[in-house]
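Asker: Okay, here's the structure, questions in a sec.
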Amino acid sequence: MIVRDTRMKLVLVAIHIEASARAVPLGPAMLASVVRRAFPEAVHTRILDLFLHQSAEACAAQILAAEPDWVGLSIYVWNRARNREVAQILRLRKPSLLLFAGGPEATADPAGMLSEGWLDFVLPGEGEELIVEVLGGLLRGDSAAEVRRTIHPSPVKDLATLPSPYLDGSLDPAAYPGMLWELSRGCPFRCDFCFESRGTEGIRRVPMDRVKAELLLFEACGVSQVFVLDPTFNFDKRQAKAILRLIAAQAPAIHFSFEIRSEFIDPELAQLFAAIRCSLQIGLQSADDAVLRKISRSIDREDFEAKVLLLHEAGATYGFDLIYGLPGDTLEGFHASLDFALSLAPNHLDIFPLSVLPGTRLHDTAPDFGLQHLKDIPYTVIASPGFSEADMRAAGRMAQACDRMYNQGKAVPWFALLLDALALSPSELFGRFADYLDAHADPDTTALQVGFLTSCFQEGKAAAVAADIVTYFGHSGALMEAIAPNPQGTLEIPQAWLRTQTCLATFRHDPLALLEQLQSGLTDLEHLACVLPEHPCQALLYMEGGEALLRIVSPAEAEAYEHLRRGSDLEPASVDLAHFMATVLDQTYEGETGLG
């Protein structure tokens with residue numbers, strides 16, 4: 001006899017920007033956990049991952065294939081429009097379907113969302129307790145209208161009362177390339193452009209026993225990347241240090257991403273960060289204290305430099321955020337902040353236009369500051385009294401140039417060296433590069449950098465040395481980024497190793513001699529040009545044991561490598577060439593040189 005499942009079917013939907021290590025439906029999974037605990041016999045819950053590249057029709061079809069009675073949509077800035085399209089299709093195809101929404105956009109603008117007419121109700125704020133109350137009412141026979149009148153959002157007071165979606169099986173860490181790891185809710189700061197702390201008081205933390213259990217599960221499931229959801233991870237330094245020690249002991253192979261504040265860095269914390277695989281993001285936003293005070297922030301530049309220096313000396317990986325278009329800022333002020341940020345040698349620099357998000361204090365005060373901004377997604381500033389529309393466009397070009405040259409171009413090892421040689425500030429260099437990008441669209445970032453920097457030097461020999469430096473670090477940096485450790489901490493070499501984990505580069509000087517000079521401390525380009533004889537050659541860069549290695553190859557070897565890379569047959573003309581081809585295929589070399 002077939003037993004029919006009479007439970008109500010709830011589908012919780014996450015529409016991600018793209019498939020990535022961050023595309024994890026943690027919000028829906030948190031709701032699924034409490035629903036399964038509260039109504040194990042009455043509600044069947046399913047989590048559905050969708051993506052922006054899918055059409056609204058395709059998304060709706062996947063949702064309807066689950067035969068849902070209730071559908072919950074997790075809405076962010078990037079997917080609000082797509083969710084609206086999907087919901088409208090669902091309304092047409094299955095009028096009896098009950099639709100509701102949660103997430104940051106629903107929290108910031110619940111009335112606006114309801115007024116659009118495609119939702120039955122909205123769950124603003126933290127939804128775990130709300131969804132249990134709401135579904136309980138629906139199961140008792142309450143109508144959507146009746147339920148809507150009973151919704152009164154409030155924060156979950158004790159996070160220990162919530163089940164873990166990882167530990168209860170609602171979210172399988174092994175099914176995703178990365179993980180989102182919530183360690184706290186709330187924020188001790190009141191930055192006007194953010195609604196992280198609005199409507200809450202203080203910080204609520206996940207209990208350490210659950211933190212440890214989830215971490216052990218991540219390690220056991222082979223998770224390679226974890227993005228920590230804690231807006232100020234190091235605010236409670238004692239707990240932060242305990243978690244970092246736990247990571248070092250239990251999950252040394254996993255890479256973690258943290259958001260931190262510079263004020264709370266100390267020497268011990270810097271060393272603990274450096275001891276694990278992690279990257280740190282610090283919200284600088286602006287280097288101008290007067291500008292920051294208009295959005296309820298501040299900066300002590302000397303203290304900021306000193307704290308970042310602790311990270312630098314410890315060898316930790318860190319980056320900064322900058323925002324342009326802030327109240328009271330100007331294009332010149334933004335340039336000064338950019339120059340300050342890059343003087344501290346961050347591993348990356350992320351630059352964004354200011355967004356006036358609904359639900360934030362800045363949304364209330366924007367008229368007082370004269371901020372003109374988009375009223376709809378993505379809510380970005382168009383102009384302000386100190387930042388014209390033309391200035392905003394210029395800052396946007398600068399942000400693109402910085403991302404292409406500095407972030408994508410792996411420029412950290414050579415950036416200061418080239419600035420000194422050209423006697424330019426970072427903002428001046430990026431301004432020139434932005435103009436260069438208008439006329440050049442080479443998809444190879446390293447080739448683009450070489451072409452641009454060569455054009456910046458009047459003296460050809462210095463330009464040739466600069467080109468070699470950028471060529472080596474660009475290719476080796478890309479190779480190092482492509483390799484990731486497996487759960488056992490060893491390196492995984494894919495089958496397409498020749499295509500993805502090696503590259504053939506052209507140099508104008510002997511790259512081994514060049515790197516030897518750099519490692520000895522000689523960094524002046526004109527001096528390097530004098531001591532390095534011209535020696536045009538090709539070299540094979542490859543990964544071995546997590547290190548970028550280099551071998552100068554003959555023209556015949558270079559040709560053989562290209563044949564092997566393309567998968568074509570080649571009969572070696574000599575014993576030496578046959579040996580080279582065999583060592584390439586075996587992924588081992590003789591006479592290799594390690595390059596840090």
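The numbers here are math on the coordinates, done by the rules we state, and not lab data. Given the structure is predicted, the values throughout are model-derived calculations rather than measurements. Using ideal geometry, Cβ is built from the backbone for each residue, glycine included, and neighbour counts are taken over all protein chains shown.
Asker: Above 21 Å lies some portion of the pair distances; for segment 239-363, what is it as a whole percent of all C-alpha pairs?
Answerer: 43
Asker: Once both axes come from the Cα atoms, what is the angle between helix 445-456 and the longest principal axis of the chain, in degrees from 0 to 90, rounded to 10?
Answerer: In the chain, helix 445-456 runs at an angle near 60 degrees to the longest axis.
Asker: Further question: Rounded to the nearest 20 debye, what is the charge dipole size of the chain about its Cα centre when +1 sits on each Lys and Arg Cβ and -1 on each Asp and Glu Cβ?
Answerer: 2340
Asker: Now a separate question. Rounded, prolate or oblate: which one fits segment 92-136, using the alpha carbon gyration tensor with axes a ≥ b ≥ c (rounded when a/c is under 1.5, else prolate when a/b beats b/c, else oblate)?
Answerer: oblate
Asker: Okay, moving on. For segment 248-325 and segment 510-532, compute the distance between their C-alpha centroids and round to whole Å.
Answerer: 32
Asker: Using +1 at the C-beta of Lys and Arg and -1 at the C-beta of Asp and Glu, which of Ala466, Ala248, Gly451 has the Cα lying farthest in the positive direction of the dipole of the chain?
Answerer: Value: Ala248.
Asker: Using the alpha carbon gyration tensor of segment 1-87, what are the three equivalent-ellipsoid semi-axes (square root of 5 times each eigenvalue), largest first, in whole Å?
Answerer: 25, 15, 10
Asker: To the nearest 20 Debye, how big is the dipole of segment 28-96 about its Cα centre, given +1 on the beta carbon of each Lys and Arg and -1 on that of each Asp and Glu?
Answerer: Rounded to the nearest 20 debye, it is 180 debye.
Asker: Helix-only mean residue ellipticity at 222 nm, the chain, DSSP H runs n ≥ 4 weighted -39,500 (n - 2.57), per residue, nearest 500. What is it?
Answerer: Calculated from helices alone, the mean residue ellipticity at 222 nm is -13000 deg cm²/dmol.
Asker: Another one. Could you pull out every one of the lysines with an alpha carbon less than 18 Å from that of Lys9, ignoring same-chain neighbours closer than 8 positions?
Answerer: Lys94
Asker: Among the listed pairs Lys241/Lys294; Lys294/Lys410; Lys157/Lys375; Lys212/Lys410; Lys157/Lys307; Lys294/Lys375, which have their C-alpha atoms separated by more than 30 angstrom in this model?
Answerer: Lys241/Lys294; Lys294/Lys410; Lys157/Lys375; Lys212/Lys410; Lys157/Lys307
Asker: With axes computed from alpha carbons, what is the tilt in degrees of helix 331-343 against the longest principal axis of the chain, rounded to the nearest 10 within 0 to 90?
Answerer: That helix lies at roughly 70 degrees to the long axis.
Asker: Still on this model: What area, in nm² and to one decimal, does the C-alpha convex hull of segment 224-298 cast on average over all directions? Working shown, then result.
Answerer: Numbers: hull surface 21.1 nm².
Its average projected convex-hull area is 5.3 nm².
Asker: Would you mind working out the magnitude of the charge dipole of segment 8-149 relative to its Cα centre, with +1 at each Lys and Arg C-beta and -1 at each Asp and Glu C-beta, to the nearest 20 Debye?
Answerer: Details: 14 positive and 17 negative charges, 46 e Å.
Charge dipole of segment 8-149: 220 debye, to the nearest 20.
Asker: Using the Cα atoms of segment 172-403 to build a convex hull, what is its mean projected area in square nanometres?
Answerer: Convex hull of Cα atoms, orientation-averaged projection: 13.0 nm².
Asker: Along the charge dipole of segment 80-184, which of Leu99, Val147, Gln88 sits closest to the positive end, that is, farthest toward it, with unit charges on the beta carbon of Lys, Arg, Asp and Glu (+1, +1, -1, -1)?
Answerer: Highest projection toward the positive end goes to Gln88.
Asker: Send over the semi-axes of the chain's equivalent ellipsoid, whole angstrom and largest first, taken as the square roots of 5 times the C-alpha gyration tensor eigenvalues.
Answerer: Output for the chain: semi-axes of 47, 31, 23 Å.
Asker: Using the Kirkwood radius over C-alpha pairs as Rh, can you work out the diffusion coefficient of segment 8-149 via Stokes-Einstein at 10 °C, viscosity 1.306 mPa s, in µm² per second?
Answerer: Result for D is 106 µm²/s.
Asker: Which of rounded, prolate or oblate describes segment 293-374 when judged by the alpha-carbon gyration tensor and an a/c cut-off of 1.5?
Answerer: The shape class here is prolate.
Asker: Using only the Cα atoms of segment 347-444, what do you get for the radius of gyration and for Dmax, in Å?
Answerer: 16.4, 47
Asker: Continuing with this model, one more query. Would you mind checking the tilt of helix 56-65 against the longest principal axis of the Cα atoms of the chain, expressed as 0 to 90 degrees and rounded to 10?
Answerer: So the helix axis and the longest Cα principal axis differ by about 60 degrees.
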